[in-house]
Amino acid sequence: MDRILDNVDRVIVGKRPVVELLLAAMLCEGHVLIEDVPGIGKTTLAKAVARSVGCTFGRLQFTPDLLPSDVTGISFFNQRTQEFEFRPGPVMSQILLADEINRATPRTQAALLEAMQERQITVDGVTYPLPRPFLVLATQNPIELEGTFPLPEAQVDRFLIKIALGYPTEAEENEIVLRFDREDPLDNLQPVIQAEEWLALRDAVRLVRVEASVREYAVKVVRATRQHPAVMLGASPRGALALHRMSQALAAIRGRDFVLPDDVKYLTTCVLSHRIIISSQTRLRGRKLEDILSEVVESVPVPVQQ
């Protein structure tokens, strides 16, 4: 994992904690929603990770005129063989970048639901399994609303985590300009691990130990989101599963074979922020979702070793 992080650091400057979260989600074979302003490096990050892991990479630029068949592929009649053939779409890759996913119509967004949940697609009544590992890295712009279609809750809930890169510091921005001065470092990036090895790592993460008290703590944090007065809709049981799996992956990346309560607290925002809906009165008061989640975490007693 250190080799992968160092490899991505050759392209992405100063965002190691974010890359760590992204790799943890990949170890869980979970999908990632990256929400940030243009020019931050969302697409570059997705490409750097895909090349470092040696996975096949597909990209879809979502637009209002994009059709579901542009995502999944089509069946066409081959006049030479006199048979129908399937021409796969970009979804038939191990890492799919769904760029500006909220610009597509709900019908096209729904074409990804089966792929994200069941790792398969159905075209003309025929089901095709997707290559493994398979994950979707979706990006969206949080400030530009014209010509966009908000993601439905059912689809947002299928993303394991939601992250943001944020603006770099002055020193980091100077380093970015210097690094990209003569050539794009992404062009020379080589894989440090193959997809088959990544699948083995994914299976090994399941062996990370989660004590009963830590597991109960994670469940209580998720349940507390449903009881907070500022929250209209709390996180679902899928959120508890996501918090549990991400805690295992983060512990493994940090060199431990056991999960700490601090892992759960650290992951709460990126795992649960897109799974809860705050009330309209809370939004009018200008309260931030991160502050509400902090209150939720503080309301749950942390387990301590006896």
Exercise. Give the residue, chosen from V259, V264, V302, V271, that is in contact with a Gly (Cβ under 8 Å, 6 or more places away or on another chain) and closer than 30 Å to D2 by Cα.
Key: V271
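Looking for something in contact with an Asp or Glu (Cβ under 9 Å, 6 or more places away or on another chain), assigned to a helix (DSSP H, G or I), surrounded by 12 or more Cβ atoms within 10 Å (Cβ to Cβ) and not small (G, A, S) - is there at least one such residue anywhere in region 200-214? Steps first, please.
Going residue by residue through region 200-214, those that are in contact with an Asp or Glu (Cβ under 9 Å, 6 or more places away or on another chain) are 202, 207-209, 214.
Now narrow it down to the ones that are assigned to a helix (DSSP H, G or I): 202, 214.
From what's left, surrounded by 12 or more Cβ atoms within 10 Å (Cβ to Cβ): 202, 214.
Narrowing the set further to residues that are not small (G, A, S) leaves 202, 214.
Checked against the condition, which is being in contact with an Asp or Glu (Cβ under 9 Å, 6 or more places away or on another chain), assigned to a helix (DSSP H, G or I), surrounded by 12 or more Cβ atoms within 10 Å (Cβ to Cβ) and not small (G, A, S), region 200-214 yields at least one hit.
Among the residues in region 236-243, are any at pLDDT 85 or above, more than 19 Å from V32 (Cβ to Cβ) and assigned by TED's automatic domain parsing to the domain that holds I292? Please lay out each step first, then the result.
Let us first name the residues in region 236-243 that are at pLDDT 85 or above, namely 236-243.
If we keep only those that are more than 19 Å from V32 (Cβ to Cβ) too, we end up with 237.
If we keep only those that are assigned by TED's automatic domain parsing to the domain that holds I292 as well, we get 237.
Yes, that holds for at least one residue.
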Practice problem: Could you grab me the full set of residues in region 31-47 that are surrounded by fewer than 21 Cβ atoms within 10 Å (Cβ to Cβ), more than 18 Å from P191 (Cα to Cα) and in contact with a strand residue (DSSP E or B) (Cβ under 8 Å, 6 or more places away or on another chain)? | Solution: E35, D36
Quiz item: Do the conditions hold for M1, that is, is it aliphatic (A, V, I, L, M), more than 16 Å from the chain's Cα centre (by Cα) and under 22 Å from L243 (Cα atoms)?
Solution: yes
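Would you be able to tell me the number of residues in region 40-90 that are more than 26 Å from R3 (Cα to Cα) and not charged (D, E, K, R)?
Looking only at region 40-90, we keep the residues that are more than 26 Å from R3 (Cα to Cα), and these are 60-90.
From what's left, not charged (D, E, K, R): 60-64, 66-69, 71-79, 81-82, 84, 86, 88-90.
Looking only at that region, the number is 25.
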Exercise. Tally the residues that are surrounded by fewer than 21 Cβ atoms within 10 Å (Cβ to Cβ), in contact (Cβ under 8 Å) with a residue 40 or more places away in the chain and either assigned to a loop (DSSP other than H, G, I, E, B) or touching a strand residue (DSSP E or B) at 6+ places or on another chain (Cβ under 8 Å) (or both), restricting the search to region 52-68.
Key: 8
Quiz prompt | Single condition L130 does not satisfy, out of (1) touching a Lys or Arg at 6+ places or on another chain (Cβ under 6 Å); (2) more than 25 Å from F76 (Cα to Cα); (3) modelled with pLDDT of 85 or more | solution = (2)
Practice problem: Report whether or not E170 is of a type in the set (D, E, K, R) and modelled with pLDDT of 85 or more. | Solution: yes
Quiz item: If a residue has to be in a loop (DSSP other than H, G, I, E, B) and of a type in the set (V, I, T) to count, how many in region 262-306 make the cut?
Solution: 4
Exercise. Give me a count of the residues in region 231-253 that are surrounded by fewer than 18 Cβ atoms within 10 Å (Cβ to Cβ) and touching a residue at least 12 places away in the same chain (Cβ under 8 Å).
Key: 5
Exercise. Go through (1) touching a His at 6+ places or on another chain (Cβ under 7 Å); (2) closer than 17 Å to V53 by Cβ and name the single condition R215 misses.
Key: (2)
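The values are calculated or read from the model by the stated rules, or taken from the named source; none is laboratory data. Since the model is a prediction, treat every value here as computed from it, not as a measurement. Every residue, glycine as well, gets a Cβ built from its backbone with ideal geometry; the counts of neighbours run over all protein chains shown.
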